[in-house]
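*Asks:* Shown below is the structure under consideration.
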Amino acid sequence: MNNLSENILSVENLKMYFPVTRGLLRKKVADVKAVDDVSFHIQRDETLGLVGESGCGKTTVGRCIMRLYEPNEGKVIFEGDDILTYSPAQVRGARSQIAMIFQDPYSSLDPRQNAGNIVGEPLKIHRMVKTPAEYKDRLEELFAIVGLDPGMKNRFPHEFSGGQRQRIGIARALACEPSLIICDEPISALDVSIQAQIINLLQELQDRLKGLSYLFIAHDLSVVRHISDRVAVMYLGRIMEITDSQTLYKNPLHPYTKALLSAVPIADPAVEKNREHIILQGEVPSPMNPPEGCAFHPRCPMAAPECKKITPELRSIDNKHEVACLRV
């Protein structure tokens, strides 16, 4: 693990509610509470894994940090400044230092542009190069750093495989030498054989480019284990548990984290046969009408009467382990 000391990003009490409207006058009737009071930090050179079931608000958190969505409340402090207070011009400037790798390498690339123009566009927008020769050299460097032949820069996205397209997306994210990259489920749309290659590439880039941090969003805990220094577990718009990767897998405290880990298969058949499997009852509640008290209590095997009334806050169990559960 990295030597961590300095926060590059601090998210404080972030809320993102999407209004639900009905009728001809589009009257607001409810809110979808996609992100509901989320707080965490990322340190320089660190990878924070953000995991949870589909629809729990992981991607929304990433898009709020990028200011693709405008949050209702909270702070997103990047390099000491709250970027939620930035003007549109300042946001454009900040995006040279915060980049994003998208989930789907098929839809995140413009099919009308060749790979060279896609990767080189941030260089032009943020004026990172001064001459055509400098632009050409930087473009070839970016292709090489992600394992692509620079001679492929004139090809269009449909001429690449899924893994190659995601490498183009990574090269585009690296173009302005960002200090933080938000990886929004960057391998979930890829073949299993390609997923490990992309994970290894991201780790190699972090080792090579000093000062680079990742927010790695995923729903697969087995993937997050290999790349993350710390892991935050989300459920229904709230963070349930945060700790370092090793502790989470050896000593999970929240019943939801335990259930997620019990669903991750283990290669040893003897261990897999004898370990406890936690089957959660019911469906994930709607974020439009979340339950009172702890969001997880309708499905929790440890739920007590107070769990229906009190919303647990994240609290420190020890120096590096935080959990939002009344029963822990």
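*Asks:* Looking for something in contact (Cβ under 8 Å) with a residue 12 or more places away in the chain, of a type in the set (A, V, I, L, M) and part of a loop (DSSP other than H, G, I, E, B) - is there at least one such residue anywhere in the stretch 237-252?
*Replies:* no
*Asks:* Just to be sure, is K250 closer than 30 Å to I181 by Cβ, at pLDDT below 95, loosely packed, with under 13 Cβ neighbours inside 10 Å and charged (D, E, K, R)?
*Replies:* yes
*Asks:* Could you tell me which numbered condition E185 fails, if it satisfies all but one of (1) assigned by TED's automatic domain parsing to the domain that holds E70; (2) among the charged types (D, E, K, R); (3) over 19 Å from the mean Cα position of the chain (by Cα)?
*Replies:* (3)
*Asks:* Would you point out the residue of the stretch 253-272, among those that are touching a Ser or Thr at 6+ places or on another chain (Cβ under 9 Å) and at pLDDT below 75, that is nearest to M234 (Cα to Cα)?
*Replies:* Only one residue fits best here, namely V264.
*Asks:* Right, something else. Sort out which residues of the stretch 304-325 are assigned to a loop (DSSP other than H, G, I, E, B) and in contact with a Gly (Cβ under 9 Å, 6 or more places away or on another chain), and write them in order of number.
*Replies:* Residues satisfying the conditions are K309, I310, T311, P312.
*Asks:* I'm trying to understand the selection: among the residues of the stretch 295-320, which are in contact (Cβ under 8 Å) with a residue 24 or more places away in the chain and surrounded by fewer than 17 Cβ atoms within 10 Å (Cβ to Cβ)?
*Replies:* Of everything in the stretch 295-320, those that are in contact (Cβ under 8 Å) with a residue 24 or more places away in the chain and surrounded by fewer than 17 Cβ atoms within 10 Å (Cβ to Cβ) turn out to be P301, M302, I317, K320.
*Asks:* May I ask you to list pairs of residues, at least six apart or on different chains, whose Cβ atoms are under 7 Å apart, with the first in the stretch 104-122 being more than 16 Å from G163 (Cα to Cα) and of a type in the set (K, R) and the second being modelled with pLDDT of 95 or more and crowded, with 17+ Cβ neighbours inside 10 Å?
*Replies:* Going by the 7 Å Cβ cut-off, there are no qualifying pairs.
*Asks:* In contact with a strand residue (DSSP E or B) (Cβ under 9 Å, 6 or more places away or on another chain) and either over 25 Å from I118 (Cβ atoms) or assigned to a helix (DSSP H, G or I) (or both): does that describe V223?
*Replies:* yes
*Asks:* Here are the criteria: (1) farther than 21 Å from L48 by Cβ; (2) loosely packed, with under 13 Cβ neighbours inside 10 Å; (3) under 27 Å from the mean Cα position of the chain (by Cα); (4) at pLDDT below 85. Tell me which single one N289 does not satisfy.
*Replies:* (4) is the only condition that N289 fails.
*Asks:* Of the residues I199, I217, I194, which single one is crowded, with 24+ Cβ neighbours inside 10 Å and either assigned to a helix (DSSP H, G or I) or not acidic (D, E) (or both)?
*Replies:* Unique residue meeting the criteria: I217.
*Asks:* Then there's this: Out of the helices (runs of 4 or more DSSP H) lying entirely within the stretch 63-165, which hold 3 or more residues that are more than 23 Å from M16 (Cα to Cα)?
*Replies:* 115-125, 132-145
*Asks:* Further question: Given the criterion farther than 11 Å from G49 by Cα, hydroxyl-bearing (S, T, Y) and buried (at least 17 other Cβ atoms within 10 Å of the Cβ), identify the matching residue among S179, S161.
*Replies:* S179
The values are calculated or read from the model by the stated rules, or taken from the named source; none is laboratory data. What you see is a predicted model, and the numbers here were worked out from it, not measured in a lab. As a convention, Cβ positions derive from the backbone with ideal geometry for all residues, glycine included, and neighbour counts pool all protein chains shown.
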